[in-house]
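Reviewing the structure listed below.
The values are calculated or read from the model by the stated rules, or taken from the named source; none is laboratory data. Because the structure is a prediction, the values reported are computed rather than measured. Backbone-built Cβ (ideal geometry, glycine too); neighbour counts: all protein chains shown. The accessibility values were calculated without ligands, DNA or RNA, using every heavy atom of the protein model including side chains. Shrake-Rupley method; radii C 1.70, N 1.55, O 1.52, S 1.80 Å.
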Amino acid sequence: MITKKYVLGGALLASLSVFAQQEEPQKLEEVVVTDSKFELKRENSGKVVTRITRDELEKQEGKSVAEILSTVSGISINGAQSNAGQNISIFARGGNNRQVLVLIDGVQLNDPSNIASDYDLRLLDVNSIERIEIIKGAASTLYGSGAATAVINIITRKASKDKIAFEATSVAGTNESQNDRDFSFNDFQNRVSVNGTLDKFTYLVGFAQQYTDGLSAVIDADSNEKDPFSRYSTQVKFGYDFGERFSLTAYGNYDKMDVDYDNSFPLEDAAYRSFSKQYRGGVNSEFNYNKGSITLNAAYNSIEREFQSAFPNAYDSDSYILDVFNRYTFNEKFYTVLGLNHINSRTYFGEQETSQITDPYANVVYVSDFGLNVNAGARLNNHSEYGSHLTYSLNPSFTFDQQEGYLKFFGSYATSFIAPSLSQLYGNFGANPDLQPEEDRTLEGGIEWKAGTFRVSGTYFNRLEENFIDYVTIDPVTFEGEYQNVTEDFTVQGAEFELEGKLFKLIDLRANYTFTEPKDRQLLRLPKHTAFGQLGLNLNSGTFFSASYQYRGERSDSDFTTGEQVSLDAYGLFDLYLSQKILKNQVNLFVGLNNVFNTDYVELVGYTTRGRNIRFGLNLSL
């Protein structure tokens, strides 16, 4: 098994390799795990994988998970720049929330009471994350339902190797719209963590808090009403290494979120407020034998949601997840995974409703000594309501080794599925127990070039949606209807381009561009063109400075007050960030300025977005 450290790489032009050679880069190679459940060098992976390291997260202190993910090629997150309590919509390669799967430490997370069964990213604290790996494209063969357009695997932080380590982060900032220039500090974030290693025992205990005020969710020129947001997160993790063959980790999380919100057409004297509680816990164990290992992930996730409004309601749901798989290495060229994934989901719609998924799956990776690499897999999905469904993937790539880098061509043909949610099957609004799973077919191909510390890549993708689940109105007067598998097929195509690298050990470059084109229908709030660019400067004195620009093109949205569709203008946001390490790098002071030019823009019709805001903070590590 390959276990080398990660370094950025690639090249845009041949001349860039000259700069990389002047830098004398270390021979370290990026390792990816999420694409195959094996540690593979990036040059041997044919998947489109983006990795956000802990170092990159630390250089964006104070930003949310949604804000950070929205800078990744192929991913557009609506609501990331709005009021902190705004609902988040993830668009990946033209898909929506239910076509993106969120994992934490490799375990599937969802909310069975949601219409889309999607996981709420607002519950996550950035400082608890070690790194994020994002797979673009279909990945249902390894990860099951929902892994149609992207898989976001969030890996949490591990305990320090010291006996005891302490870390604290504190952030304060403004939270104002473009027209509100009071410069009041209304955004506060704090986190503390104690962790360490005592012989074979590891421990980590952390607590995080955020309180944000000062911004109204809905634009209302006649009111000074504000909508506060608060979140509390508690994390515990304990591990024990029984020797070379067996290790065990147990963890538990409690997250609470309170949100004041506005309806786009509010009722008079109605209070709009939501409460969410999440209880998450589980165990991870790994047994190693001669040429392989057996991994067991067992987890429980419970989410309670309550809405106060003119029509109050509440939802409780929970999931039991079991994923056990055997990794076997025949030799340095041939790797296999055999696994079984079981998910039991439950929620209430007047009475308890449940569904079960039990899926055996297999994956094979072949790494030749002449450049050919193949990643292939299959999963037999067995659902308690609609029966069985087969998904499969074939992902070849070919790598030409070059001095201090490589040139790689890759392609993929994969199918995926999205199981109907419990809300769609049994909910109080449009339920249909006869629904079949949505089916996606993804075809992609691309090229990646690494020279020195530069890496540049381009990918074309074409995705076909079948059996799409949509709400179909039956009575145009009462709007009564039901969820159905529509007969139309939908195609989305596009391209992604990425550049990452380093110049003279001082300058970090990162840029990407995404083109997304739905062929058969119009998708609301999805821009055809998005781009992101960042230039970072690293100085030996411990100073880091970055300037970044994010662009979102024109898109359409529905105006709920008139029922008409409107066109939203393109916009670009320019951010600055500065940090300074002092006291032997134990203290990191930072300041960030977002939306420097106070650009006026719209993410969601009728809802507020953030103008120019500043944040200060420090991180203490002992």
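Numbers at a glance
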quantity	calculated
Shape call, the range 109-245: gyration tensor on alpha carbons, a/c limit 1.5	oblate
Protection proxy ranking, peptides 425-436, 84-95, 295-306, average beta carbon neighbours within 10 Å, highest first	84-95, 295-306, 425-436
Gap separating the Cα centres of the range 562-577 and the range 320-365, nearest whole Å	40 Å
Dipole of the range 207-359, positive end: most advanced residue of PHE242, PHE330, SER319 [Cβ charges, Cα centre]	PHE330
Projected label distance in nm at SER541 and ARG54, using a 7 Å step from Cα toward the beta-carbon	2.7 nm
Leading residue at positive end of dipole, the chain (Cβ point charges), from ASN290, TYR426, ASN363	ASN290
Cut-off under 5 Å, modelled amide H: who pairs with ARG525 long-range	SER556, ASP557
Mean Cα-pair separation over length for the range 554-622, i.e. relative contact order, pairs under 8 Å, 6 or more apart, %	28 percent
Anchor LYS291: aspartates and glutamates whose Cα lies under 19 Å away (excluding residues fewer than 8 positions away in-chain)	GLU39, GLU244, GLU332
Positive dipole terminus of the chain, leading residue within SER117, PRO518, ALA547 (C-beta point charges)	ALA547
Out-of-range pairs (alpha-carbon distance over 20 Å; input LYS59/LYS502; LYS59/LYS584; LYS37/LYS161)	LYS37/LYS161
Heavy-atom accessible area order for HIS389, HIS529, largest first, 1.4 Å probe	HIS529, HIS389
Given charges at beta-carbon only (K, R positive; D, E negative), |dipole| of the chain in Debye	2860 debye
Shape category assigned to the range 95-156 from the gyration tensor of Cα positions, a/c cut at 1.5	oblate
Net length gained if the chain between ASP569 and THR354 were fully extended (0.36 nm per residue, minus Cα distance)	73.1 nm
For the range 149-172 and the range 58-119, distance of Cα centres in Å	19 Å
Charge dipole (debye, nearest 20) of the range 89-168; +1 at Cβ of Lys and Arg, -1 at Cβ of Asp and Glu	220 debye
Peptides ranked, highest mean first, by Cβ atoms within 10 Å: ranges 139-149, 534-544, 442-452	139-149, 442-452, 534-544
Probe 1.4 Å, accessible area per residue of the range 575-622, Å²	48 Å²
Shape of the range 145-220, Cα gyration tensor, a/c cut at 1.5	oblate
Cα centre as origin, Lys/Arg/Asp/Glu Cβ charges: the range 439-578 dipole, Debye	1240 debye
Greater than 24 Å apart at Cα, pairs in LYS41/LYS333; LYS136/LYS237; LYS63/LYS519; LYS277/LYS528	LYS136/LYS237; LYS63/LYS519; LYS277/LYS528
Ranked by how many other beta carbons lie within 10 Å on average, peptides 400-412, 116-128, 346-358 from highest	116-128, 400-412, 346-358
Fraction of accessible area attributable to carbon and sulfur, the range 295-399 (%, probe 1.4 Å)	60 percent
The range 395-541: relative contact order in percent, alpha carbon pairs under 8 Å with at least 6 residues between	17 percent
Modelled FRET efficiency - R0 22 Å, LEU390 with LEU322, Cβ distances, 0.05 increments	0.55
Modelled FRET efficiency - R0 30 Å, LEU524 with LEU443, Cβ distances, 0.05 increments	0.75
